[in-house]
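Asks: Questions regarding the structure given below will be posed in turn.
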Ligand code: DON
C-alpha cells in the first residue's frame, strides 16, 4: 500500500483544524438538523446506512431520511433537494443528472434526467454568420440553458422509495425558508462570481449582497422555498407547469432564451438499461448514453484487465503510463462516436467488445507515449468545475449513485426571477462546432451536434460495483471530462491496489483525454513519476485539484450488511454520514 506523502497528511490535518472551531460539535447534529452549527466529517462508519455528498447539511438530511425509515432512493432524492438549497454552485433543480441504482430485489437500474435542447434549438445556434463559435452564449446566460430534468428525475426515482414525497422534500424547504450558515469556500465563491450574477440576471439574485459574504453568514432563499413548496404540493406539475413554468418562460423571454412552457411540459426522465460488465470478478454498473461515463469505464477497465496492473504498483511510471494510454484511446472514441442514442447510432457493442479493445491496444508501447492526432488542442478551464455527486447505501441492500449538474459553477449564472433557482449551461456540452473544444476541452462531431429535443453528451459516471452480486462500492465525482478517469482510478485503487476507501479517494489523480495531448496531474502527484513520464514523451501539465469523489464501501457477511464506510473527498466541503 502506498504511504501518503507527509505534505498530503499535513494538508488534510490543517483543513480539519481550520474547520472544527467554527462549525461546532458533531454531537449537535445527531438529533435535529442545526443548519447553523455543523462539522465536516470526512469518514463515517455504520451498518444501517450512509450518505456522502458535497455538503454536510445535505448528507445530514439524507441520513435523517434513512433514520426515519426511508431507503437509499428516498435519501438520494432528499440529499439532492437539500443540495439544491445548500450547494447552489452545483446542486440544483434547474439542471439535470443521472442515477445508477441497485435495489434490494437485486435489480440494476439507471434513470436519465439529463437536460434536453429546447425545441427551438438548432445545430449552428452558437455560430456567428462567419461560422465562428460564440462560446459566451453556450456557456453563460439564458441561451446556454437546456430544459431542466432534475425534478422529473426525483419523481422517477421516487417509484423506488418508501416515504412520501412530502416528507422527503420538507428538509430542503426548511433550509431554504429558514436559512443556513454558509461555509468559507461558499462565501469566497459568491464573492468571486458577484459580477457575473449581476451580468446574467434580469432580477438580482440572493447570492448578491452589498457587503462581501463571509463564512457563517446566513443564506435565506424565500423564492426557492416557494418553488419547492409548489413541487411538494403539486408534484411534477409544481415545476413543469403552472406558476414555476410561467416564471421560467418569462425569464427566458426577458433574456432571449429558448425554453418554452411546451418544452417544460414535454420533459420526461427516462429509465435506461445500464451498462453492465465484469471486471476481475466484480460487476460494474454504469450509465449508458447520453452519458459517455459507463462506456468509457468499460473501455478503460477492459483495456487494462489482462495486463496485471496490480504487479506494476500504485502510481509507478509503468502503471500511470498504462492508464494514461487507455484513457487517451477511450476519449478519442468519445469525441468521434458518442452522443444521444435516441438521435444518433452509437456503436456501443463494438466499442465495448473485447476484440475491438484488444485491437485498440495493439499500438501501445511500454515506456513510450503514443501521440494523439494533431488537431487544435482544447483549453481546459479548471475553475468552472462544478457538478456534484452523492453516494447512498441502506441496510436493505439498496445502493444509489447520483451525479447531478448545472454544468459550470452556478450553471448559466441565471436565476429564474421569482423562482429562486439557477438554470444550467448544459448546452455547452453539445459540440458547438467540430474541432471547437467545450469548456472542458472536450471535442466532438456529428454524434453530439445540437438538435431540438436531443440530450447533450455527458461525462458523468455514477457507478455501482457489485462483489459476489452484492453492492460493494458506490462511487462518482464531478469534474467535467475528468469524471470517468477519476472513477476509473478510484475503482482500480481499490480492486487492484487494495487501498482503503479513504486512500482511494484522496490519493492524487491524473487525467488524459486524448486532446489536448497532455497528462494533467494534481498538485500532490509524485514529481519523480511526472519526470519519468516526460522522459517517455508525455507533456505533463499541473492542475489544481481533480474531482470531489464520494465513495461508499459495503462489507457483507453472507446475507447481512456488516459495515458501511462512507468517505467525503478531502478536496472540498464534502461530508460523510453513517449510522
Ligand atoms: O455532463 C457533463 O459531463 C458535464 N456537464 C459535467 C460538468 C462537471 O462535472 C463540472 N464539474 N465539476
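Asks: Contour minus end-to-end for residue 188 and residue 129, with contour as 0.36 nm per residue of separation and end-to-end as the Cα-Cα distance? Mind showing how you got there, number by number?
Replies: Details: separation 59, 0.36 × 59 = 21.24 nm, distance 3.89 nm.
Net length gain for the segment: 17.3 nm.
Asks: Just from its helices, what would the mean residue ellipticity at 222 nm be for the chain, if runs of 4 or more DSSP H residues each count -39500 (n - 2.57) and the sum is divided by every residue, rounded to the nearest 500 deg cm²/dmol?
Replies: The per-residue figure over the chain is -10500 deg cm²/dmol.
Asks: What distance in nm lies between label points placed 7 Å from Cα along the C-beta direction at residue 233 and residue 104?
Replies: Computed distance between label sites residue 233 and residue 104 equals 3.4 nm.
Asks: Want the number for residue 268 to residue 67: 0.36 nm per residue separation, take away the alpha-carbon distance, what's left?
Replies: The span from residue 268 to residue 67 would gain 69.3 nm if fully extended.
Asks: So how do 56-69, 259-272, 236-249, 77-90 stack up, highest first, on mean other-Cβ count within 10 Å?
Replies: Going from most to least packed, we get 77-90, 56-69, 236-249, 259-272.
Asks: Work out the FRET efficiency for residue 311 and residue 119 from their Cβ-Cβ distance, taking R0 = 51 Å, and round it to the nearest 0.05. Mind dumping the intermediate values first?
Replies: Details: r = 54 Å, r/R0 = 1.06.
Result of the calculation: an efficiency of 0.40.
Asks: If packing is taken as the average count of other Cβ atoms within 10 Å, what order do 329-342, 557-570 fall into, highest mean first?
Replies: So the order, starting with the most tightly packed, is 329-342, 557-570.
Asks: What is the chain's relative contact order, in percent, from Cα pairs under 8 angstrom and six or more apart in sequence?
Replies: 24 percent
Asks: Cα centroid distance between the range 460-500 and the range 246-322, in Å?
Replies: Between the Cα centre of the range 460-500 and that of the range 246-322, the gap is 12 Å.
Asks: Full-extension gain between residue 370 and residue 206, please, as 0.36 nm times their residue separation minus the C-alpha to C-alpha distance.
Replies: The span from residue 370 to residue 206 would gain 54.1 nm if fully extended.
Asks: Please state the relative contact order of the range 154-262 as a whole percent: Cα pairs under 8 Å, 6+ residues apart?
Replies: Relative contact order comes out at 28 percent.
Asks: Next question, about the same structure. Could you order peptides 536-546, 497-507, 478-488 by the average number of other Cβ atoms within 10 Å of their residues, highest first?
Replies: Top to bottom by mean Cβ count within 10 Å: 478-488, 497-507, 536-546.
Asks: With r defined as the distance between the Cβ atoms of residue 563 and residue 542 and R0 fixed at 51 Å, what FRET efficiency is calculated, to the nearest 0.05?
Replies: Given R0 = 51 Å and the Cβ-Cβ separation, E is 0.85.
Asks: Relative contact order, percent, of the range 374-505 when contacts are C-alpha pairs under 8 Å separated by at least 6 residues? Spell out each step's value before the answer.
Replies: Details: 238 pairs, mean separation 31.8, N = 132.
For the range 374-505, the relative contact order is 24 percent.
Asks: Ranked by Cβ crowding within 10 angstrom, fewest neighbours first, how are 213, 556, 514 ordered?
Replies: 556, 213, 514
Asks: What FRET efficiency would be calculated for the residue pair residue 534, residue 198, taking the C-beta separation as r and a Förster radius of 45 Å, to the nearest 0.05?
Replies: 0.55
Computed from the coordinates by the stated procedures, all read-outs in this text should not be read as laboratory data. A quick note: this is a predicted structure, and the numbers were derived from the prediction, not measured. In this analysis, Cβ positions are derived from the backbone assuming ideal geometry, glycine residues included, and neighbour counts consider all displayed protein chains.
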